[in-house]
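To start, the structure under review is shown below, and the notes come after it.
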Amino acid sequence: MNNFFAYVSRMRYINRWSLMRNSESENIQEHSHMVAVIAHALGVIRRDIFHKDCDPDAAAVVALYHDCSEILTGDLPTPIKYHSREINKAYKEMEELACEKILSTLPEELQGSFRQVFNGEISEKYRDLVKAADKLSAYIKCIEERRAGNDEFISAEKQTLAILDESPLPEVKYFLEHFIPAFELNLDQLGTM
């Protein structure tokens, strides 16, 4: 019996933003889907706008699995995860162990391919796009919460935008300029554009 996909399906039980009041809860399965969509978009932008070698599909796959370790570790809130170098190092080690545990539930013949996506050559190649997509997803969540009247996310929104504004990736600047403004619109406004 192979438990890998049964573990992956449990991503929907791990909620994000646990230290904050949420108007709409978000689990890591929903988050990973959005990060994959954005990573794919950033990959297409890299390839088609900036004419750099990129496989957007590979970026999307890495993003789909980028938080799989949290199936076993849970989602450690950012203020705790980055509180100290020691905590961050210990958490990274725990994430690596969790990934290995989850990968070990695959048939041996499949483990190498999935390992490349989890923490191998493929994941390394697209790490910058997935990290940027992860941050863009967090920024979108903050916008949505603010628009829902939840001022709990205002500080997080400002901090996240500041990080995105400092990104060296032209793909991020392109996404911020061309796609983020639409998240300020309601459905009727989206339909009239």
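Since every read-out is calculated from the coordinates, none of them should be taken as a lab result. Worth saying up front: this structure is predicted, and the values here are computed from it rather than measured. Positions of Cβ are backbone-derived with ideal geometry, glycine not excepted, and every protein chain shown enters the neighbour counts.
Which of Val130, Val37 has the fewest other C-beta atoms within 10 Å, and how do the rest follow up to the most?
Numbers: Val130 24, Val37 16.
Going from sparsest to densest Cβ surroundings: Val37, Val130.
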So who's got an amide H within less than 5 Å of the one on Asn27, skipping anything under 5 residues away but keeping other chains? H placed 1.01 Å off N, in plane.
Arg16
Given Cα positions, please report Rg to Rh for region 119-193, the hydrodynamic radius being the Kirkwood one.
1.04
Taking Cα centroids, how far is region 23-44 from region 124-148 in Å?
7 Å
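Quote the relative contact order of the chain in percent (integer), defining contacts as alpha-carbon pairs under 8 Å separated by 6+ residues. Write down the numbers at each step before the final one.
Values: 206 pairs, mean separation 45.7, N = 193.
Once divided by the residue count of the chain, the mean separation gives 24 percent.
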Mind giving me the nanometre distance, one decimal, between the label points for Ser84 and Leu190, set 7 Å out from Cα along Cα→Cβ?
4.4 nm
Principal axes first, then extents: for the Cα atoms of region 21-151, list largest minus smallest coordinate on each axis, whole Å, largest first.
49, 39, 27
For labels at Arg21 and Ile163 in the simple 7 Å Cα→Cβ model, what's the distance in nm?
2.4 nm
Set of lysines near Lys89 by C-alpha distance (under 26 Å), chain-local residues within fewer than 8 positions excluded
Lys81, Lys101, Lys125, Lys131, Lys135
Would you mind finding the longest exposed-site-free stretch of the chain, with exposed trypsin sites (Lys or Arg not before Pro) meaning DSSP loop and at most 14 other Cβ atoms within 10 Å?
53-193
Select from the chain the helices, each a whole stretch of DSSP H, whose alpha-carbon atoms run 15 Å or more along the helix axis and whose Kyte-Doolittle mean is at least -0.5; answer none if there are none.
28-44, 154-165
Paramagnetic reach from Asp55 in region 109-131 [backbone N under 14 Å; point 7 Å along Cα→Cβ]
113-118, 120-127
